[in-house]
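Take a look at the structure set out below.
The values are calculated or read from the model by the stated rules, or taken from the named source; none is laboratory data. Because the structure is predicted, anything quoted here is derived from the model rather than measured. Here the Cβ positions follow ideal geometry from the backbone for every residue, glycine too, while neighbour counts run over all protein chains shown. The protein model used for the area step is the full one, side chains on, heavy atoms only, and it has no ligands, DNA or RNA in it. Shrake-Rupley method; radii C 1.70, N 1.55, O 1.52, S 1.80 Å.
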Amino acid sequence: MTAIRAARTSDAAAVIALWRACDLTRPWNDPQADFDRALGHAAATVLVAEKGSAIAGTVMAGFDGHRGWIYYLGVAPARRGEGLARRLLDAACDWLRGQGCPKVELMVRDGNDAATLYRHLGWEPQGVQVFGRWLAR
Ligand SMILES: CC(C)(COP(=O)(O)OP(=O)(O)OC[C@H]1O[C@@H](n2cnc3c(N)ncnc32)[C@H](O)[C@@H]1OP(=O)(O)O)[C@@H](O)C(=O)NCCC(=O)NCCS
C-alpha cells in the first residue's frame, strides 16, 4: 500500500533525488532551498507518496491567500501509471481546501506533455501568460 503523507525534513535527500529523476529541477532553482522553504512555511507543504521506506512521488502545494499553487508533481519512472499522480493531486487539493483556498492553479513548462494529463483529470487552461521577476537569488 502506498500512503501519502506530509514530507519531513529527513526526506529532503530522497525527495530531491526524485525531483532530479523526474527532470523537475532547473539550474536557477536550488531544490534544497525550495524544499526547506516549503516545509518552513505554514501555508506550504510537500506531500510524498511512500511505500515501505521508498518515496515514489511528490507534490508541493502553497496558498498565497488568493490561489493555491502546485509545484514539483513527480512520480518515480518505475511507479508511473499506477494513479499516484492523481492521488497526489487530490491530496494537494484537499490540503489547500483545508487552508481555505478556493481555487488551485499550476504551471506546465513548454514542451511537457503533462498538460495532457491535467486536461484528462479535469484541469482547465487558464488563458494567462505567466511573468516572473527575481526578488533574491
Ligand atoms: C506526469 C506524471 C507525474 C504522471 O504520473 P503518474 O503517476 O504516471 O500518473 P497517474 O498514473 O496518476 O495518471 C493519472 C491519469 O492521467 C493519465 N495520464 C498519465 N500520464 C499521462 C500523459 N502523459 N498524458 C495523458 N494522460 C496521462 C493516466 O492514464 C491516468 O488516467 P486514468 O486514471 O483515467 O487511467 C509522471 O509522468 C511524471 O513524474 N512525469 C515527470 C515530471 C512531470 O512532468 N511532472 C509534471 C510537471 S507540470
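One table, with the values for the structure above:
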item	result
Some residue of region 62-72 being of a type outside the set (S, T, N, Q), surrounded by 12 or more Cβ atoms within 10 Å (Cβ to Cβ) and touching a residue at least 40 places away in the same chain (Cβ under 8 Å)	yes
Among the candidates Ala85, Ala136, Ala43, residue that is of a type in the set (A, V, I, L, M), away from the ligand (no atom under 16 Å from the Cβ) and touching a residue at least 12 places away in the same chain (Cβ under 8 Å)	Ala43
Subset of region 108-124 [under 16 Å from Tyr71 (Cα atoms) and either assigned to a loop (DSSP other than H, G, I, E, B) or hydroxyl-bearing (Ser, Thr, Tyr) (or both)]	Val108, Arg109, Asp110, Asn112, Asp113, Tyr118, Trp123
Qualifying residue in region 96-113 (condition: of a type in the set (A, V, I, L, M, F, W, C), in contact with a Gly (Cβ under 7 Å, 6 or more places away or on another chain), in contact (Cβ under 8 Å) with a residue 60 or more places away in the chain and under 21 Å from Ala3 (Cα atoms))	no
When residues of region 21-38 are limited to those that are farther than 19 Å from Arg137 by Cα and touching a helix residue (DSSP H, G or I) at 6+ places or on another chain (Cβ under 9 Å), the one surrounded by the fewest Cβ atoms within 10 Å (Cβ to Cβ)	Ala21
Residue satisfying all of: in region 32-86; in a loop (DSSP other than H, G, I, E, B) and of a type outside the set (Gly, Ala, Ser); nearest to Ala21 (Cα to Cα) among these	Arg80
Every residue from region 103-126 that is farther than 24 Å from Trp28 by Cβ, away from the ligand (no atom under 11 Å from the Cβ) and open to solvent by 80 Å² or more (accessible area, probe 1.4 Å)	Glu124, Pro125
Boolean, Ala78 is more than 14 Å from the ligand (Cβ to nearest atom), open to solvent by 20 Å² or more (accessible area, probe 1.4 Å) and without any contact (Cβ under 8 Å) to a residue 24 or more places away in the chain	no
